[in-house]
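Worksheet for the structure shown next.
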Amino acid sequence: MMKVLVTGGAGYIGSHTAVLLIEAGYDIIIFDNFCNASLESIKRVEKIVAQKITTIEGDVRNRDDLHTVFNKHKIDAVIHFAGLKAVGESVEQPLKYYDNNVNGTAVLCEVMAEHGCRSIVFSSSATVYGDPHSTPIDENFPLSATNPYGRSKLFVEEILRDLYISDNRWKVILLRYFNPVGAHASGTIGEDPNGIPNNLMPFIAQTAVGKRDYLSIFGDDYETHDGTGVRDYIHVMNLADGHVKALDKIENFKEVMTINLGTGKGYSVLDMVKAFEKASGKKVPYQIAPRRSGDIAKCFADPSYAKKVLGWEAKKNIEEMCVDSWRWQSNNPDGYN
Ligand code: NAD
Ligand code: UFG
(Lines give C-alpha, C1' and ligand atoms only; values in the text may rest on other atoms or scores of the structure.)
(Ligands and ions follow the chains in the order given, each with its own letter.)
Protein backbone atom coordinates (compact mmCIF):
# COMPACT_ATOMS: atom_id res chain seq x y z
CA MET A 1 0.00 0.00 0.00
CA MET A 2 1.43 3.34 -1.03
CA LYS A 3 1.81 5.85 1.80
CA VAL A 4 0.94 9.41 0.85
CA LEU A 5 1.54 12.61 2.77
CA VAL A 6 -1.25 15.11 2.08
CA THR A 7 -0.12 18.62 3.02
CA GLY A 8 -3.04 20.99 3.44
CA GLY A 9 -5.27 17.94 3.75
CA ALA A 10 -7.65 19.64 6.17
CA GLY A 11 -8.55 22.28 3.58
CA TYR A 12 -11.24 22.38 0.95
CA ILE A 13 -9.68 20.40 -1.89
CA GLY A 14 -7.43 18.33 0.38
CA SER A 15 -10.30 17.00 2.51
CA HIS A 16 -12.27 15.89 -0.55
CA THR A 17 -9.19 14.30 -2.05
CA ALA A 18 -8.51 12.49 1.24
CA VAL A 19 -11.86 10.71 0.91
CA LEU A 20 -11.11 9.41 -2.57
CA LEU A 21 -7.52 8.46 -1.75
CA ILE A 22 -8.68 6.30 1.13
CA GLU A 23 -11.45 4.79 -0.97
CA ALA A 24 -8.85 4.01 -3.64
CA GLY A 25 -6.76 2.13 -1.07
CA TYR A 26 -4.02 4.68 -0.37
CA ASP A 27 -2.66 4.99 3.14
CA ILE A 28 -2.67 8.70 3.94
CA ILE A 29 -1.24 11.09 6.48
CA ILE A 30 -2.63 14.59 6.71
CA PHE A 31 -0.21 17.40 7.53
CA ASP A 32 -1.70 20.86 8.08
CA ASN A 33 -1.00 23.92 10.21
CA PHE A 34 -4.74 24.69 10.38
CA CYS A 35 -4.23 28.34 9.40
CA ASN A 36 -7.23 28.06 7.07
CA ALA A 37 -8.97 24.90 8.22
CA SER A 38 -10.25 23.10 11.28
CA LEU A 39 -9.83 19.64 12.75
CA GLU A 40 -13.57 19.22 12.27
CA SER A 41 -13.15 18.73 8.51
CA ILE A 42 -10.91 15.73 9.19
CA LYS A 43 -13.38 14.33 11.73
CA ARG A 44 -16.05 14.50 9.05
CA VAL A 45 -13.81 12.79 6.51
CA GLU A 46 -13.17 10.05 9.07
CA LYS A 47 -16.91 9.60 9.35
CA ILE A 48 -17.35 9.33 5.58
CA VAL A 49 -14.61 6.72 5.18
CA ALA A 50 -15.33 5.04 8.55
CA GLN A 51 -11.71 5.01 9.66
CA LYS A 52 -9.24 7.12 11.59
CA ILE A 53 -6.78 9.28 9.69
CA THR A 54 -3.29 9.99 10.96
CA THR A 55 -3.21 13.77 11.29
CA ILE A 56 -0.20 15.86 12.13
CA GLU A 57 -0.28 19.54 12.98
CA GLY A 58 2.75 21.14 11.40
CA ASP A 59 3.97 23.77 8.99
CA VAL A 60 5.60 23.00 5.64
CA ARG A 61 8.08 25.81 6.29
CA ASN A 62 9.29 24.05 9.42
CA ARG A 63 11.98 21.43 8.77
CA ASP A 64 11.62 19.89 12.23
CA ASP A 65 7.88 19.39 11.77
CA LEU A 66 8.53 17.63 8.47
CA HIS A 67 11.46 15.52 9.70
CA THR A 68 9.27 14.24 12.54
CA VAL A 69 6.75 12.96 10.00
CA PHE A 70 9.28 11.49 7.59
CA ASN A 71 11.26 9.83 10.40
CA LYS A 72 8.15 8.17 11.71
CA HIS A 73 6.56 7.14 8.42
CA LYS A 74 7.98 5.70 5.21
CA ILE A 75 6.30 8.10 2.80
CA ASP A 76 6.20 7.21 -0.90
CA ALA A 77 4.66 10.38 -2.34
CA VAL A 78 3.39 13.82 -1.36
CA ILE A 79 0.32 15.66 -2.57
CA HIS A 80 1.09 19.26 -1.77
CA PHE A 81 -2.05 21.35 -1.25
CA ALA A 82 -0.71 23.46 1.63
CA GLY A 83 -0.55 27.12 0.76
CA LEU A 84 -2.35 30.43 0.87
CA LYS A 85 -4.78 31.32 -1.88
CA ALA A 86 -6.39 34.73 -1.40
CA VAL A 87 -5.46 36.88 -4.38
CA GLY A 88 -6.29 40.26 -2.76
CA GLU A 89 -4.38 39.43 0.42
CA SER A 90 -1.38 38.40 -1.68
CA VAL A 91 -1.23 41.91 -3.15
CA GLU A 92 -1.24 43.43 0.34
CA GLN A 93 1.10 40.88 1.94
CA PRO A 94 3.29 39.47 -0.82
CA LEU A 95 6.02 38.20 1.51
CA LYS A 96 3.53 36.07 3.40
CA TYR A 97 2.63 34.40 0.10
CA TYR A 98 6.20 33.91 -1.07
CA ASP A 99 7.10 32.49 2.33
CA ASN A 100 4.19 30.03 2.61
CA ASN A 101 3.87 29.00 -1.00
CA VAL A 102 7.39 29.26 -2.42
CA ASN A 103 9.64 28.82 0.61
CA GLY A 104 7.21 26.24 2.04
CA THR A 105 7.51 24.12 -1.09
CA ALA A 106 11.30 24.47 -1.19
CA VAL A 107 11.65 23.31 2.41
CA LEU A 108 9.22 20.44 1.81
CA CYS A 109 11.17 19.21 -1.21
CA GLU A 110 14.49 19.49 0.59
CA VAL A 111 13.22 17.33 3.46
CA MET A 112 11.57 14.89 1.04
CA ALA A 113 14.87 14.35 -0.78
CA GLU A 114 16.74 13.83 2.50
CA HIS A 115 14.35 10.98 3.22
CA GLY A 116 14.53 9.55 -0.29
CA CYS A 117 10.98 10.59 -1.23
CA ARG A 118 10.94 12.24 -4.65
CA SER A 119 7.35 12.04 -5.88
CA ILE A 120 5.18 15.14 -5.65
CA VAL A 121 1.82 16.23 -7.01
CA PHE A 122 1.53 20.01 -6.80
CA SER A 123 -1.58 22.23 -6.68
CA SER A 124 -1.03 24.77 -9.41
CA SER A 125 -3.70 26.97 -10.87
CA ALA A 126 -5.14 28.27 -14.10
CA THR A 127 -4.03 31.64 -12.81
CA VAL A 128 -0.58 30.87 -14.31
CA TYR A 129 -2.07 31.59 -17.76
CA GLY A 130 -2.60 35.24 -16.77
CA ASP A 131 -4.95 36.90 -19.26
CA PRO A 132 -5.08 34.23 -21.99
CA HIS A 133 -5.09 35.30 -25.63
CA SER A 134 -7.92 32.87 -26.41
CA THR A 135 -9.97 29.98 -25.02
CA PRO A 136 -9.95 27.04 -24.49
CA ILE A 137 -6.56 27.14 -22.77
CA ASP A 138 -4.13 24.28 -23.28
CA GLU A 139 -0.97 23.53 -21.32
CA ASN A 140 1.30 25.14 -23.91
CA PHE A 141 -0.25 28.60 -23.60
CA PRO A 142 2.14 31.38 -22.48
CA LEU A 143 2.46 31.84 -18.73
CA SER A 144 2.27 35.03 -16.75
CA ALA A 145 1.12 36.33 -13.41
CA THR A 146 -0.97 39.33 -12.45
CA ASN A 147 -0.52 39.13 -8.67
CA PRO A 148 1.82 37.66 -6.03
CA TYR A 149 -0.39 34.60 -5.50
CA GLY A 150 -0.22 33.74 -9.18
CA ARG A 151 3.50 34.46 -9.23
CA SER A 152 4.01 32.10 -6.28
CA LYS A 153 2.40 29.31 -8.32
CA LEU A 154 4.56 30.11 -11.35
CA PHE A 155 7.72 30.14 -9.21
CA VAL A 156 6.90 26.79 -7.65
CA GLU A 157 6.28 25.25 -11.06
CA GLU A 158 9.73 26.47 -12.13
CA ILE A 159 11.37 25.28 -8.92
CA LEU A 160 9.93 21.79 -9.38
CA ARG A 161 11.12 21.73 -13.02
CA ASP A 162 14.61 22.75 -11.89
CA LEU A 163 14.57 20.04 -9.28
CA TYR A 164 13.80 17.44 -11.91
CA ILE A 165 16.62 18.75 -14.10
CA SER A 166 19.01 18.49 -11.16
CA ASP A 167 17.97 14.93 -10.35
CA ASN A 168 15.69 13.08 -12.71
CA ARG A 169 14.70 10.59 -10.05
CA TRP A 170 12.11 13.22 -9.10
CA LYS A 171 8.54 12.51 -10.22
CA VAL A 172 6.62 15.76 -10.54
CA ILE A 173 3.04 16.37 -11.58
CA LEU A 174 1.83 19.97 -11.78
CA LEU A 175 -1.95 20.06 -11.75
CA ARG A 176 -3.43 23.33 -12.94
CA TYR A 177 -6.88 23.61 -11.42
CA PHE A 178 -9.60 25.73 -12.94
CA ASN A 179 -12.40 26.82 -10.55
CA PRO A 180 -13.22 24.16 -7.95
CA VAL A 181 -16.78 24.26 -6.56
CA GLY A 182 -19.32 21.87 -5.04
CA ALA A 183 -18.93 19.47 -2.17
CA HIS A 184 -19.00 15.80 -1.22
CA ALA A 185 -22.48 14.34 -1.83
CA SER A 186 -22.93 13.62 1.89
CA GLY A 187 -23.19 17.36 2.54
CA THR A 188 -20.84 16.95 5.52
CA ILE A 189 -17.67 18.48 4.05
CA GLY A 190 -17.36 21.50 1.78
CA GLU A 191 -15.80 24.90 1.29
CA ASP A 192 -15.74 27.00 4.46
CA PRO A 193 -14.08 30.34 3.77
CA ASN A 194 -13.08 32.65 6.61
CA GLY A 195 -15.13 35.85 6.72
CA ILE A 196 -16.55 37.32 3.53
CA PRO A 197 -15.96 34.91 0.63
CA ASN A 198 -13.72 36.14 -2.19
CA ASN A 199 -14.90 33.48 -4.59
CA LEU A 200 -18.17 33.37 -6.47
CA MET A 201 -19.65 30.02 -5.46
CA PRO A 202 -19.38 30.37 -1.67
CA PHE A 203 -20.67 33.92 -1.96
CA ILE A 204 -23.71 32.76 -3.93
CA ALA A 205 -24.32 29.91 -1.47
CA GLN A 206 -24.13 32.25 1.54
CA THR A 207 -26.50 34.67 -0.18
CA ALA A 208 -29.01 31.88 -0.90
CA VAL A 209 -28.89 30.75 2.74
CA GLY A 210 -29.51 34.32 3.92
CA LYS A 211 -26.08 35.14 5.36
CA ARG A 212 -25.43 37.83 2.73
CA ASP A 213 -27.98 40.33 1.42
CA TYR A 214 -26.96 40.23 -2.21
CA LEU A 215 -24.21 39.21 -4.60
CA SER A 216 -22.14 41.91 -6.27
CA ILE A 217 -21.45 40.92 -9.85
CA PHE A 218 -18.08 42.36 -10.78
CA GLY A 219 -18.75 43.80 -14.23
CA ASP A 220 -21.35 43.11 -16.92
CA ASP A 221 -19.48 44.62 -19.86
CA TYR A 222 -16.98 41.85 -20.61
CA GLU A 223 -16.85 40.30 -24.06
CA THR A 224 -18.81 37.23 -23.08
CA HIS A 225 -22.26 35.94 -23.97
CA ASP A 226 -23.98 38.03 -21.27
CA GLY A 227 -21.22 40.47 -20.31
CA THR A 228 -20.30 38.75 -17.02
CA GLY A 229 -17.06 36.82 -16.44
CA VAL A 230 -16.81 33.26 -17.73
CA ARG A 231 -14.99 30.47 -15.83
CA ASP A 232 -14.50 26.73 -15.95
CA TYR A 233 -16.19 25.51 -12.76
CA ILE A 234 -15.18 21.99 -11.84
CA HIS A 235 -16.78 19.76 -9.22
CA VAL A 236 -14.35 19.28 -6.33
CA MET A 237 -14.97 15.50 -6.32
CA ASN A 238 -13.92 15.30 -9.97
CA LEU A 239 -10.88 17.42 -9.16
CA ALA A 240 -10.10 15.09 -6.24
CA ASP A 241 -10.34 12.12 -8.57
CA GLY A 242 -7.79 13.79 -10.84
CA HIS A 243 -5.30 13.54 -7.94
CA VAL A 244 -5.98 9.85 -7.45
CA LYS A 245 -5.42 9.25 -11.16
CA ALA A 246 -2.21 11.30 -11.02
CA LEU A 247 -0.86 9.25 -8.10
CA ASP A 248 -1.85 5.99 -9.78
CA LYS A 249 0.39 6.94 -12.72
CA ILE A 250 3.14 9.01 -11.13
CA GLU A 251 5.80 6.30 -11.11
CA ASN A 252 5.36 5.70 -14.87
CA PHE A 253 6.04 9.24 -16.04
CA LYS A 254 9.51 10.02 -17.38
CA GLU A 255 9.25 13.81 -17.32
CA VAL A 256 7.60 16.63 -15.40
CA MET A 257 3.90 16.44 -16.21
CA THR A 258 1.86 19.65 -16.41
CA ILE A 259 -1.84 18.99 -16.64
CA ASN A 260 -4.99 21.14 -16.73
CA LEU A 261 -7.86 19.94 -14.57
CA GLY A 262 -11.00 21.57 -15.89
CA THR A 263 -14.22 20.60 -17.65
CA GLY A 264 -13.67 22.49 -20.89
CA LYS A 265 -16.95 24.36 -20.41
CA GLY A 266 -17.31 28.02 -19.54
CA TYR A 267 -20.17 29.48 -17.51
CA SER A 268 -20.83 33.13 -16.75
CA VAL A 269 -21.59 34.63 -13.34
CA LEU A 270 -25.23 35.00 -14.38
CA ASP A 271 -25.34 31.36 -15.58
CA MET A 272 -24.11 30.31 -12.14
CA VAL A 273 -26.67 32.46 -10.33
CA LYS A 274 -29.50 30.92 -12.38
CA ALA A 275 -28.22 27.37 -11.91
CA PHE A 276 -27.87 27.91 -8.16
CA GLU A 277 -31.36 29.37 -7.84
CA LYS A 278 -32.74 26.33 -9.64
CA ALA A 279 -30.78 23.86 -7.51
CA SER A 280 -31.62 25.52 -4.19
CA GLY A 281 -35.11 26.85 -4.84
CA LYS A 282 -33.84 30.12 -3.29
CA LYS A 283 -33.54 33.56 -4.77
CA VAL A 284 -30.02 34.96 -5.16
CA PRO A 285 -30.43 38.75 -5.27
CA TYR A 286 -27.62 40.55 -7.08
CA GLN A 287 -26.39 43.97 -8.10
CA ILE A 288 -24.05 44.86 -10.90
CA ALA A 289 -20.84 46.36 -9.48
CA PRO A 290 -17.64 47.65 -11.11
CA ARG A 291 -15.10 45.16 -12.46
CA ARG A 292 -12.76 43.64 -9.88
CA SER A 293 -9.17 44.62 -10.59
CA GLY A 294 -7.10 41.81 -12.07
CA ASP A 295 -10.13 39.84 -13.32
CA ILE A 296 -10.17 38.48 -16.86
CA ALA A 297 -13.16 38.03 -19.16
CA LYS A 298 -12.94 34.37 -19.96
CA CYS A 299 -11.05 31.35 -18.72
CA PHE A 300 -11.75 27.74 -19.53
CA ALA A 301 -9.62 24.69 -20.10
CA ASP A 302 -8.78 22.43 -22.94
CA PRO A 303 -8.88 19.30 -20.76
CA SER A 304 -7.88 16.82 -23.47
CA TYR A 305 -4.33 16.25 -22.21
CA ALA A 306 -5.63 15.03 -18.83
CA LYS A 307 -7.81 12.55 -20.62
CA LYS A 308 -4.90 11.37 -22.72
CA VAL A 309 -2.28 10.96 -20.02
CA LEU A 310 -4.36 10.30 -16.90
CA GLY A 311 -7.48 8.77 -18.42
CA TRP A 312 -9.32 11.40 -16.39
CA GLU A 313 -12.30 13.48 -17.34
CA ALA A 314 -14.57 15.78 -15.27
CA LYS A 315 -18.02 14.26 -15.44
CA LYS A 316 -20.22 16.26 -13.08
CA ASN A 317 -22.27 19.07 -14.57
CA ILE A 318 -23.19 22.48 -13.28
CA GLU A 319 -26.48 21.23 -11.75
CA GLU A 320 -24.63 18.67 -9.63
CA MET A 321 -22.10 21.31 -8.59
CA CYS A 322 -24.89 23.62 -7.40
CA VAL A 323 -26.97 20.88 -5.76
CA ASP A 324 -23.98 19.57 -3.81
CA SER A 325 -22.79 23.03 -2.85
CA TRP A 326 -26.30 23.86 -1.62
CA ARG A 327 -26.58 20.64 0.41
CA TRP A 328 -23.34 21.51 2.20
CA GLN A 329 -24.31 25.18 2.72
CA SER A 330 -27.87 24.53 3.88
CA ASN A 331 -26.83 21.72 6.25
CA ASN A 332 -23.92 23.79 7.59
CA PRO A 333 -24.89 27.47 7.39
CA ASP A 334 -21.91 28.38 9.57
CA GLY A 335 -19.50 25.94 7.97
CA TYR A 336 -17.56 23.77 10.42
CA ASN A 337 -18.32 26.08 13.39
P1 NAD B 1 -7.56 25.74 1.57
O2 NAD B 1 -7.11 27.02 2.17
O3 NAD B 1 -8.91 25.24 1.94
O4 NAD B 1 -6.50 24.58 1.89
C5 NAD B 1 -5.14 24.83 2.09
C6 NAD B 1 -4.72 24.14 3.38
O7 NAD B 1 -3.34 24.33 3.60
C8 NAD B 1 -5.45 24.67 4.61
O9 NAD B 1 -5.98 23.58 5.34
C10 NAD B 1 -4.36 25.40 5.40
O11 NAD B 1 -4.60 25.34 6.79
C12 NAD B 1 -3.12 24.65 4.97
N13 NAD B 1 -1.88 25.43 5.01
C14 NAD B 1 -1.65 26.67 4.52
N15 NAD B 1 -0.38 27.04 4.72
C16 NAD B 1 0.23 25.99 5.33
C17 NAD B 1 1.55 25.77 5.79
N18 NAD B 1 2.50 26.71 5.67
N19 NAD B 1 1.84 24.57 6.37
C20 NAD B 1 0.89 23.62 6.51
N21 NAD B 1 -0.38 23.80 6.10
C22 NAD B 1 -0.71 24.96 5.52
O23 NAD B 1 -7.42 25.89 -0.01
P24 NAD B 1 -7.89 24.90 -1.17
O25 NAD B 1 -8.94 25.60 -1.94
O26 NAD B 1 -8.17 23.57 -0.65
O27 NAD B 1 -6.58 24.91 -2.06
C28 NAD B 1 -5.60 23.90 -1.99
C29 NAD B 1 -4.45 24.23 -2.92
O30 NAD B 1 -4.97 24.36 -4.25
C31 NAD B 1 -3.76 25.55 -2.62
O32 NAD B 1 -2.38 25.40 -2.87
C33 NAD B 1 -4.37 26.50 -3.61
O34 NAD B 1 -3.51 27.57 -3.93
C35 NAD B 1 -4.58 25.60 -4.81
N36 NAD B 1 -5.64 26.08 -5.73
C37 NAD B 1 -6.88 26.38 -5.21
C38 NAD B 1 -7.86 26.87 -6.08
C39 NAD B 1 -9.23 27.24 -5.57
O40 NAD B 1 -9.92 28.01 -6.23
N41 NAD B 1 -9.68 26.73 -4.41
C42 NAD B 1 -7.59 27.03 -7.44
C43 NAD B 1 -6.32 26.70 -7.92
C44 NAD B 1 -5.36 26.22 -7.04
N1 UFG C 1 -17.35 37.22 -9.03
C2 UFG C 1 -18.39 38.11 -8.83
N3 UFG C 1 -18.74 38.41 -7.55
C4 UFG C 1 -18.12 37.87 -6.47
C5 UFG C 1 -17.04 36.96 -6.68
C6 UFG C 1 -16.68 36.66 -7.99
O7 UFG C 1 -18.97 38.63 -9.78
O8 UFG C 1 -18.48 38.19 -5.33
C9 UFG C 1 -16.97 36.84 -10.41
C10 UFG C 1 -15.56 37.20 -10.79
O11 UFG C 1 -15.50 38.52 -11.28
C12 UFG C 1 -15.25 36.15 -11.85
C13 UFG C 1 -16.05 34.94 -11.38
O14 UFG C 1 -17.05 35.44 -10.52
O15 UFG C 1 -15.76 36.56 -13.10
C16 UFG C 1 -15.21 33.92 -10.63
O17 UFG C 1 -14.52 34.55 -9.57
P18 UFG C 1 -13.77 33.74 -8.41
O19 UFG C 1 -13.20 34.72 -7.47
O20 UFG C 1 -14.67 32.70 -7.87
O21 UFG C 1 -12.64 32.95 -9.21
P22 UFG C 1 -11.45 33.53 -10.10
O23 UFG C 1 -11.59 32.90 -11.43
O24 UFG C 1 -11.34 34.98 -10.04
O25 UFG C 1 -10.20 33.00 -9.29
C26 UFG C 1 -10.08 31.63 -8.99
C27 UFG C 1 -9.30 31.45 -7.69
C28 UFG C 1 -7.86 31.83 -7.87
C29 UFG C 1 -7.28 31.16 -9.05
C30 UFG C 1 -8.11 31.47 -10.25
C31 UFG C 1 -7.59 30.79 -11.48
O32 UFG C 1 -9.85 32.23 -6.66
O33 UFG C 1 -7.15 31.42 -6.74
O34 UFG C 1 -9.44 31.00 -10.02
O35 UFG C 1 -7.58 29.43 -11.30
F36 UFG C 1 -6.02 31.58 -9.25
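Based on the Cβ-Cβ distance from residue 194 to residue 99, what FRET efficiency comes out when R0 is 30 Å, to the nearest 0.05? It would help to have the intermediate numbers written out before the result.
On the way: r = 19 Å, r/R0 = 0.63.
Once the sixth-power term is evaluated, E becomes 0.95.
Restricting things to alpha carbons, tell me how big the chain is in terms of Rg and Dmax, in Å.
In Å, with Rg to one decimal and Dmax whole: 19.0, 56.
Quickly estimate the mean residue ellipticity at 222 nm for the chain, helices only: each DSSP H run with n ≥ 4 gives -39500 (n - 2.57), and the total goes over all residues, rounded to 500.
Details: 12 runs with 129 residues, N = 337.
So the helix-based figure for the chain works out to -11500 deg cm²/dmol.
With N set to the number of residues, divide the alpha-carbon radius of gyration of the stretch 17-128 by 2.2 N^0.38 Å and report two decimals. Before the final figure, lay out each step's value.
Working: Rg = 14.6 Å, N = 112, 2.2 N^0.38 = 13.2 Å.
Normalised by 2.2 N^0.38 Å, the Cα Rg of the stretch 17-128 equals 1.11.
Where does the charge balance sit around residue 286 when Lys and Arg score +1, Asp and Glu -1, over other residues with C-beta under 11 Å from its C-beta?
Details: positive: 212, 274, 283; negative: 213, 220, 277.
Value of the local net charge: 0.
Can you give the Rg to Rh ratio for the stretch 1-47, taking only C-alpha atoms and Rh from Kirkwood?
0.94
What angle, in degrees between 0 and 90 and rounded to the nearest 10, separates the Cα long axis of helix 104-114 from the longest principal axis of the Cα atoms of the chain?
Tilt of helix 104-114: around 30 degrees.
Tell me which trypsin sites (Lys or Arg not before Pro) from the stretch 285-337 have a DSSP coil assignment and no more than 10 other beta carbons within 10 Å of their own.
Details: sites: 291, 292, 298, 307, 308, 315, 316, 327; in loops: 291, 292, 315, 316.
Passing both the DSSP loop test and the Cβ count: no residue.
Carbon and sulfur together cover what percent of the accessible area of the chain at a 1.4 Å probe radius? Numbers along the way, then the final one.
Numbers: 6990 of 14540 Å².
C and S atoms contribute 48 percent here.
Can you flag which of 52/171; 43/283; 245/298; 211/283; 3/52; 74/171 are past 21 Å Cα-Cα? Show your work: numbers first, answer last.
Details: 52/171 29 Å; 43/283 32 Å; 245/298 28 Å; 211/283 13 Å; 3/52 15 Å; 74/171 17 Å.
Too far apart for the 21 Å limit: 52/171; 43/283; 245/298.
On C-alpha positions alone, give me the angle between the axis of helix 269-280 and the longest principal axis of the chain, in degrees, nearest 10.
On a 0 to 90 degree scale, this one is about 90.
On C-alpha positions alone, give me the angle between the axis of helix 12-23 and the longest principal axis of the chain, in degrees, nearest 10.
60 degrees
Just for the chain, what percent of DSSP beta bridges are antiparallel, to the closest 5? Please report the intermediate quantities before stating the final value.
Values: 2 of 41 bridges.
About 5 percent, rounded to the nearest 5.
Any chance you could list P(r) for the stretch 65-110, counting all Cα-Cα pairs in 10 angstrom bins from zero, rounded to whole %?
Computed distribution, short to long bins: 24, 45, 23, 9.
Protein chains only, probe 1.4 Å: how do 248, 138, 59 rank by accessible area, largest first?
Largest to smallest exposure gives the sequence 248, 138, 59.
Please compute the contact order of the stretch 246-337 in relative form: average sequence separation of alpha-carbon pairs under 8 Å and at least six residues apart, divided by the residue count, as a percent.
Working: 58 pairs, mean separation 37.8, N = 92.
Dividing the mean separation by the residue count of the stretch 246-337 yields 41 percent.
Rounded, prolate or oblate for the stretch 206-246? Axes are the square roots of the Cα gyration tensor eigenvalues, ordered a ≥ b ≥ c, and the cut-off for rounded is a/c under 1.5.
Oblate is the answer for the stretch 206-246, as a/c is 1.5 or above yet b/c matches or exceeds a/b.
Give me the one-decimal Kirkwood hydrodynamic radius in Å for the stretch 212-331, with the sum taken over alpha-carbon pairs. Each step should come with its number before you reach the end.
On the way: mean 1/r = 0.0621 Å⁻¹.
The Cα-based Kirkwood calculation yields 16.1 Å.
Highest mean first, how do 14-20, 262-268 rank when packing is the count of other Cβ atoms within 10 Å averaged over residues?
Numbers: 14-20: 27.3, 262-268: 22.1.
Descending mean neighbour count gives 14-20, 262-268.
Across all directions of projection, what mean area in square nanometres is found for the Cα convex hull of the stretch 109-230? Could you put the intermediate results ahead of the total?
Details: hull surface 44.2 nm².
The orientation-averaged projected area of the Cα hull of the stretch 109-230 comes to 11.0 nm².
Kindly sort 221, 232 by accessible area of their heavy atoms, largest first, with the probe set to 1.4 Å. Walk me through the numbers on the way to the answer.
On the way: 221 100, 232 0 Å².
Heavy-atom accessible area, descending, gives 221, 232.
How big is the C-alpha Rg of the stretch 172-268 next to the rule-of-thumb value 2.2 N^0.38 Å, as a ratio?
Details: Rg = 16.5 Å, N = 97, 2.2 N^0.38 = 12.5 Å.
Working it through for the stretch 172-268, the quotient is 1.32.
Counting only other residues whose beta carbon sits under 13 Å from that of residue 193, what net charge do I get with K and R as +1, D and E as -1? Before the final figure, lay out the partial values.
Numbers: positive: 85, 211, 212; negative: 89, 191, 192, 334.
My count for the surroundings of residue 193 gives -1.
Heads up, I need the accessible area for residue 178: 1.4 angstrom probe, whole protein in place, Å², nearest 10.
The accessible area of residue 178 comes to roughly 10 Å².
Using just the C-alpha positions of the stretch 30-88 as equal point scatterers, what log10 of I(q)/I(0) does the Debye formula give at each q in 0.25 1/Å?
-1.19
Spelling out what I want: for every residue of the stretch 298-312, take phi, set θ = phi - 60°, compute 6.51 cos²θ - 1.76 cosθ + 1.60 (Karplus), and round to whole Hz; glycine and proline get x.
Each residue's phi maps through the Karplus curve to give 9, 8, 8, 7, 9, x, 5, 5, 4, 5, 5, 8, 10, x, 10 Hz.
At 1.4 Å probe size, put 223, 57 in order of accessible surface, largest to smallest.
On the way: 223 165, 57 135 Å².
These residues rank, largest area first, as 223, 57.
Using the Cβ atoms and a cut-off under 12 Å, what net charge is assigned to the surroundings of residue 39, where Lys and Arg are +1 and Asp and Glu are -1? Intermediate values should be presented prior to the final figure.
Numbers: positive: 43, 44; negative: 32, 40, 46, 57.
Here the count lands on -2.
The values are calculated or read from the model by the stated rules, or taken from the named source; none is laboratory data. Source: prediction; values computed, not measured. Neighbour counts run over all protein chains shown; Cβ positions are idealised from the backbone, glycine included. We work out accessible area using only protein heavy atoms, side chains counted, and drop any ligands, DNA or RNA first. Shrake-Rupley method; radii C 1.70, N 1.55, O 1.52, S 1.80 Å.
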